[in-house]
Amino acid sequence: MRSPRIGQITVESDWITTLEVGALFVVCGLLLAGEIHNVLYGQIAGEHPVHRDFLSILIKVFTPIAAAYCFMLAFRFPKTSVRTAFLLVGADLVRSAVLSVFHVPSVARHAAVIAGSAARQIALAIFLVAIAQWFKSVVHWAPPSEPQGGDPD
């Protein structure tokens, strides 16, 4: 029979950062699950040309800006895996912008959409592993500060 683990969990970070990183972990996990679900059930949607409504134009303007930020963030992180993930996300956003603006044959469009989905899945998996490693580095089991059930001598 296993003995119960007695001790406390200590987190070497402030609680706001820990909650934010935990929320980011959940969001990345849900996005990865959605991407995998779309691939398994063949629901990968391609990019559509720019329409003349406000939201569509706003998204098409935001996409290259977000790609530029991803490329800039790629060089701010010391870990090579996180850099790779940001480069993959940036490349996927560039692909999305190009497909929405230019006319591309349907075969090439489908191949680009499949490649973009694969890039997103790899990037999300890298982000999940990096976040799990961060949690592993800041969360520790600490032994109890005083003996259980007796007089401290």
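In table form, for the structure just shown:
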quantity	calculated
Hull shadow area, averaged, segment 99-148 [alpha-carbon convex hull, nm²]	5.6 nm²
Exposure rank, largest accessible area first [103, 37; 1.4 Å]	103, 37
Efficiency of FRET between residue 36 and residue 59 - r from beta-carbon atoms, R0 30 angstrom, step 0.05	0.80
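The values are calculated or read from the model by the stated rules, or taken from the named source; none is laboratory data. Computed from a prediction, not measured in an experiment: that's the story for all the values here. Reconstructed Cβ throughout: ideal geometry from the backbone, glycine too, with neighbour counts over all protein chains shown. Just so you know, the surface numbers come from the protein's heavy atoms only, side chains and all, with ligands and any DNA or RNA stripped out. Shrake-Rupley method; radii C 1.70, N 1.55, O 1.52, S 1.80 Å.
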